[in-house]
Amino acid sequence: MATTRLSCFVLMVMSFTVLMGCCCSAKIYKVGDSEGWTRKDDTYYGWAEHKQFHVGDSLIFKYDRNFNDVTQVSSALEYEFCNSSSPKAVYNTGHDVVTLTEPGSHYFISSNHTQCVEGQKIHVLVVRGWSRPVPQSLPRNILPLGKTYRVGESNEWSVPQESDFYYKWSEEKQFHVGDNLLFNYDDQVNDVLEVSSDLEFKSCDSSAPVATHNTGQDLIKLTKPGIQYFISSKTGQCEAGLKLRVVVQPLFRAVPRRMKLSPLDRLIKWLHRFGPRIHH
């Protein structure tokens, strides 16, 4: 009887080892699946949005090397504006395998500016290896990929014809932590100031801003829930309606599910059946 139990135990340990090897191994993702690496609006945002990438996973980029490449850039700004002038790495074999070696945001674009603008770019958020649990809330510098809103759209960031233009623009949208606001304007005549209170916003008080942006192409990430206020400091422009109030919602959270036992917990629970029993 003891021999039978021992054999059963050894078999379960071997099965558990194989199972854990399966569950904890790195994954390989073919970027775009059957579409491959090509220009197509919103293809890669939707493709990456529902995946969870870990350190050790790999991305496979398949494409025609005669017309394309894969350029890795360092920042969200380079990614947003398809700026490939200072790449972190360039791949051009037509079948590139890129291993994700560190947590954080990784940005990939096509160096063909037109193709990148038309949607051939991908941002992936990488968390630590499979052996570590995914944190409930991500650090400030590793926020999930959100949407990018071009403030004012065709009007950009300029004095509107109607003073409530930016109020209406923001009311039609739902902003969440991780989203970005892109302010485009003439930096010779304008700027973007973030202020901290509703009173400063209503009175166009720019004397104590939380932050000042003046590049003409400012990409501002929304990092916390609540109300954020943006105004112009230029004389008369805020009073004429050049100000924006956005309500930022928290991150989406999945509906909690009933906790499932891990393979290790299931094995331990099974082994307890064969443990010593106390008889009274």
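Screening residue 37 against (1) at pLDDT 85 or above; (2) not in a loop (DSSP other than H, G, I, E, B) leaves a single unmet condition, (2). Touching a residue at least 40 places away in the same chain (Cβ under 8 Å) and surrounded by 15 or more Cβ atoms within 10 Å (Cβ to Cβ): which single residue out of 218, 164, 179 fits that description? From the options 218, 164, 179, the qualifying one is 179. One residue stands out among those in the stretch 65-92 that are touching a His at 6+ places or on another chain (Cβ under 9 Å) and within 12 Å of residue 116 (Cβ to Cβ): the one that is most open to solvent (accessible area, probe 1.4 Å), which is 83.
Among the residues of the stretch 221-240, how many are part of a strand (DSSP E or B) and open to solvent by 50 Å² or more (accessible area, probe 1.4 Å)?
2
Keeping to the stretch 185-201, report how many residues are farther than 13 Å from residue 228 by Cα and either open to solvent by 20 Å² or more (accessible area, probe 1.4 Å) or β-branched (Val, Ile, Thr) (or both). The total comes to 5.
Residues that are farther than 22 Å from residue 155 by Cα and under 23 Å from the mean Cα position of the chain (by Cα) do not occur anywhere in the stretch 202-209. Is there a residue in the stretch 246-264 that is modelled with pLDDT of 90 or more, outside any strand (DSSP E or B), touching a strand residue (DSSP E or B) at 6+ places or on another chain (Cβ under 7 Å) and buried (at least 18 other Cβ atoms within 10 Å of the Cβ)? Within the stretch 246-264, not a single residue is modelled with pLDDT of 90 or more, outside any strand (DSSP E or B), touching a strand residue (DSSP E or B) at 6+ places or on another chain (Cβ under 7 Å) and buried (at least 18 other Cβ atoms within 10 Å of the Cβ).
Of everything in the stretch 93-109 that is over 21 Å from residue 35 (Cα atoms) and of a type outside the set (Val, Ile, Thr), the residue that is surrounded by the fewest Cβ atoms within 10 Å (Cβ to Cβ) is 102. For the stretch 72-87, the criterion of a residue being touching an Asp or Glu at 6+ places or on another chain (Cβ under 8 Å) and of a type outside the set (Ser, Thr, Tyr) is satisfied by no position.
The values are calculated or read from the model by the stated rules, or taken from the named source; none is laboratory data. Just so we're clear, the structure is a prediction, and the values are computed from it rather than from any experiment. Backbone-built Cβ (ideal geometry, glycine too); neighbour counts: all protein chains shown. The protein model used for the area step is the full one, side chains on, heavy atoms only, and it has no ligands, DNA or RNA in it. Shrake-Rupley method; radii C 1.70, N 1.55, O 1.52, S 1.80 Å.
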